[in-house]
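Only one structure is covered here, and it is reproduced in the block below.
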Amino acid sequence: MHLFLLIGLVAFSAVAILCRELLKSAISLAVASIFLALLLFEMGAVYAGVFELSVVAGLITVLFITAIALTRGDGDVAEGRAQRWVFPLFFLALAVVDVLVMRRLLGRIPAIQGSESGGFSQVLWNQRTFDLVGQVGVISAGVLAVLALFRREGGHGKGEGHE
Amino acid sequence: MLFLYIIVPLLLAGLLPLLGKLSKRLLPDLLASAAMLFLLVLTVIGARPLISGGGVIQQATWFQAPLNIRLLLDGFSLLMLFTIALVSFVVCVYSIGYMEHYGAKANYYALLLVMIAGMNGLVLSGDLFTIYVFLEMAAVASYALVAFGRGPDELEAAFKYLMLSAVASAFVLLSIAVLFAVTGGVGFGAVAQGLKTLNVRTLVGICSALFLAGFGLKAALVPFHSWLPDAHPSAPAPISAMLSGVLIKVSGVYAMTRVFLGVFGLTPALTTVLTVLGVVSIFVGALAAIGQNDIKRMLAYSSISQIGYVVLGIGIGTPLGILGGLFHLFNHALFKSLLFLNAGAVEQSTGTRSLDKMGGLAKVMPVTAVTSVVGSLSIAGVPPLNGFWSKLLIIIALVQAKMLTLAVLAVLGSVITLWYYLVLQHQAFFGKLNEAWKSVREAPFWMSAATVVLALLCVAVGLAFPFVVGTWLQPAADALGQGVNVALNFIGF
């Protein structure tokens, strides 16, 4: 089951990158996120699965599709011929390295378990409080960025000033 | 007390969009500058005495109630806090005049403060994952600040910056995930102890490569530099100063140094990689700067070159090399911020960034011209200014480490730097005054005041360099010189 979900995740992620229509690319990414969410559920990371499914597969996909619809540009992304081959080659090389090196390497490493264990809320509130402050900061930065970039009052006309 | 470095800018950032409704200019200007002055004074008076006995861990409190947040302060993080606070304060003062024509000052300062809180959080963290979170916090704010002008150039540069920065973050996160899987922790102490116990060299090599690519992208080290020449010139001048002056150092050099020296321990292989990348950056940045006609683009390429010196010094790994690298990091924050602020003043007065169209501006903008000359001579390493001493320390460290070829190349790089900065000064400020600029006036008071402060600091640090080294830099070099022992002392952090 894990292997099936993993293959689905990798396949749809690759399609999202290779696809030349933005809409199809966004949908492939959403399907890849669903596979990832299912994988997380399967492995017992329920909270991570819920976040992945709701935020990445749901919210982000809606944002992508809205943005694509609003821009109304043609979906094709112009690319050079070389660029079309870069990702498949990189992907193939990564898969070879993964099969030849990483599997053998990770098998040799005895993982230390449990120094950051506990329930989700316990980990978040008791062990990772500092990260929580950082997350608040990241969200604040996003909100402030939207306020600043979509502000109503006139800009400064810098674009014209540039040579 | 250390929590104030994060919570003060973050709270003020939350309040500013609301306060901006009451007062569009005065309150945002006043509060942002006051907050930065407060953090600067706090660093000098409050934080510096804390490290007299070495590094400290401080538990954060909220209205005297303890929080599950522990902050790590040692000489290296203190130096970074000081650099961030100093440059941020000057940038806030400069922004009073410069940001007038952009509008939305409250939003601008709010984003700037979030970026500063992110950088402060990063340097006070003793945990790899927390470093990643605060790295993202500073990065998200910086994307918006680069695009703040909303012109086509700014938006394109911000998008490019965002894309490459996301790749960098992915490399960093992947490396942290691998280390967590192997060692069972993400705290500096837990990772250092785990790697020591397990003796997994290949894995450390892979993680080092991932961190190098991730933090190298953030630091704009060659060959990971392609985003910087677009992003830094496109941003408003004070943001260019913040990005080149401190952000690339905090999110790139600081994080890389902390991991490589403090958690992994510097190996001969890492020394070779860092010194070679440092020298390559010096030359690629300097040679690319020579051909630039856009003043801010030239400065951006120069940043790549100067970051090369910092990485070269730290990469040597000897006490003197680390000291020289850190000294150059601090100096570069001063003179590169100064040069970007000057470029902003020129651009605002003339409406152009093209060096071909300038000329003779010293006659109409004397303060900007003089401070710009000081900045250029400092960055080129002319004695007795601050840049001379830091470059000298790096070159002596290279000679001591028997890296003579690299020492010669470092000197050569400095000569090229002097050359293109003299060209910049000649084209912009000297010679015959272009007819079009006869009606140009000196930059407004607050902008000039900020550049004068930075120019004076370049001179003062150069003249009083033993004091600056003893007070701020030696504790930082000592902290790094202890290698992984600092992290091992903080196991369970």
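The values are calculated or read from the model by the stated rules, or taken from the named source; none is laboratory data. Computed from a prediction, not measured in an experiment: that's the story for all the values here. Don't worry about glycine lacking a Cβ; one is built from the backbone with ideal geometry, like all the others, and counts go over all protein chains shown. Just so you know, the surface numbers come from the protein's heavy atoms only, side chains and all, with ligands and any DNA or RNA stripped out. Shrake-Rupley method; radii C 1.70, N 1.55, O 1.52, S 1.80 Å.
Points to keep in mind about this one:
- When residues of the stretch B:63-78 are limited to those that are under 26 Å from A:Ile139 (Cβ atoms) and in contact (Cβ under 8 Å) with a residue 40 or more places away in the chain, the one nearest to the other protein chains (Cβ to nearest Cβ): B:Ile69
- Of all positions in the stretch B:349-360, none carries a residue that is more than 20 Å from B:Met99 (Cβ to Cβ), away from chain A (no Cβ under 14 Å) and in a helix (DSSP H, G or I).
- Among (1) open to solvent by less than 10 Å² (accessible area, probe 1.4 Å); (2) assigned to a helix (DSSP H, G or I); (3) under 28 Å from B:Tyr94 (Cα atoms), the one test that B:Tyr301 misses: (1)
- Each residue in the stretch B:9-29 was checked for being modelled with pLDDT of 90 or more and of a type in the set (Lys, Arg), and 0 of them qualify.
- Out of A:Leu53, A:Leu63, sole residue that is modelled with pLDDT under 85, farther than 22 Å from A:Val86 by Cα and in contact with a Phe, Trp or Tyr (Cβ under 9 Å, 6 or more places away or on another chain): A:Leu53
- Contacts under 8 angstrom Cβ, first residue in the stretch B:14-30 being in contact (Cβ under 8 Å) with a residue 60 or more places away in the chain, partner basic (Lys, Arg) and assigned to a helix (DSSP H, G or I), 6 or more apart: B:Gly20/B:Lys105; B:Lys24/B:Lys105; B:Arg25/B:Lys105; B:Pro28/B:Lys105; B:Asp29/B:Lys105
- Meets criteria (in contact (Cβ under 8 Å) with a residue 24 or more places away in the chain, open to solvent by 20 Å² or more (accessible area, probe 1.4 Å), in contact with a helix residue (DSSP H, G or I) (Cβ under 9 Å, 6 or more places away or on another chain) and within 30 Å of B:Val284 (Cα to Cα)) for B:Gly216: no
- Looking only at the stretch B:129-156, residues that are in a helix (DSSP H, G or I) and either away from every other protein chain (no Cβ under 11 Å) or open to solvent by 10 Å² or more (accessible area, probe 1.4 Å) (or both) come to 9 in all.
- Candidates B:Leu81, B:Leu37: the one that is open to solvent by less than 20 Å² (accessible area, probe 1.4 Å), more than 14 Å from chain A (Cβ to nearest Cβ) and not basic (Lys, Arg) is B:Leu81.
- Options B:Ser169, B:Ser175, B:Ser125, B:Ser208: the member that is in contact (Cβ under 8 Å) with a residue 60 or more places away in the chain, among the hydroxyl-bearing types (Ser, Thr, Tyr) and at negative phi: B:Ser208
- Of all residues in the stretch B:189-203, at least one satisfies being among the small types (Gly, Ala, Ser) and buried (at least 24 other Cβ atoms within 10 Å of the Cβ).
- Subset of the stretch A:127-141 that is part of a helix (DSSP H, G or I) and farther than 13 Å from B:Gly118 by Cβ - its residue that is least open to solvent (accessible area, probe 1.4 Å): A:Thr129
- Screening the candidates B:Leu463, B:Leu433, B:Leu418 for the property of being open to solvent by 10 Å² or more (accessible area, probe 1.4 Å), free of Cβ contacts under 8 Å to residues at least 60 places away in the same chain and out of contact with any Leu (no Cβ under 7 Å at 6 or more places or on another chain) yields one hit, B:Leu418.
- Failed condition for B:Ile45, given (1) away from every other protein chain (no Cβ under 14 Å); (2) open to solvent by 20 Å² or more (accessible area, probe 1.4 Å); (3) touching a helix residue (DSSP H, G or I) at 6+ places or on another chain (Cβ under 6 Å): (3)
- Within the stretch B:219-236, if we keep just the residues that are among the small types (Gly, Ala, Ser) and over 15 Å from the mean Cα position of the chain (by Cα), the residue that is most open to solvent (accessible area, probe 1.4 Å) turns out to be B:Ser226.
- Given (1) within 14 Å of chain A (Cβ to nearest Cβ); (2) at pLDDT below 80, number of the condition B:Ser52 does not satisfy: (1)
- Residue in the stretch B:311-334 that is in contact with a Phe, Trp or Tyr (Cβ under 7 Å, 6 or more places away or on another chain), surrounded by fewer than 24 Cβ atoms within 10 Å (Cβ to Cβ) and more than 20 Å from B:Gly245 (Cβ to Cβ) present: no
- The stretch B:1-38: number of residues that are more than 19 Å from A:Val136 (Cβ to Cβ) and under 22 Å from the mean Cα position of the chain (by Cα): 6
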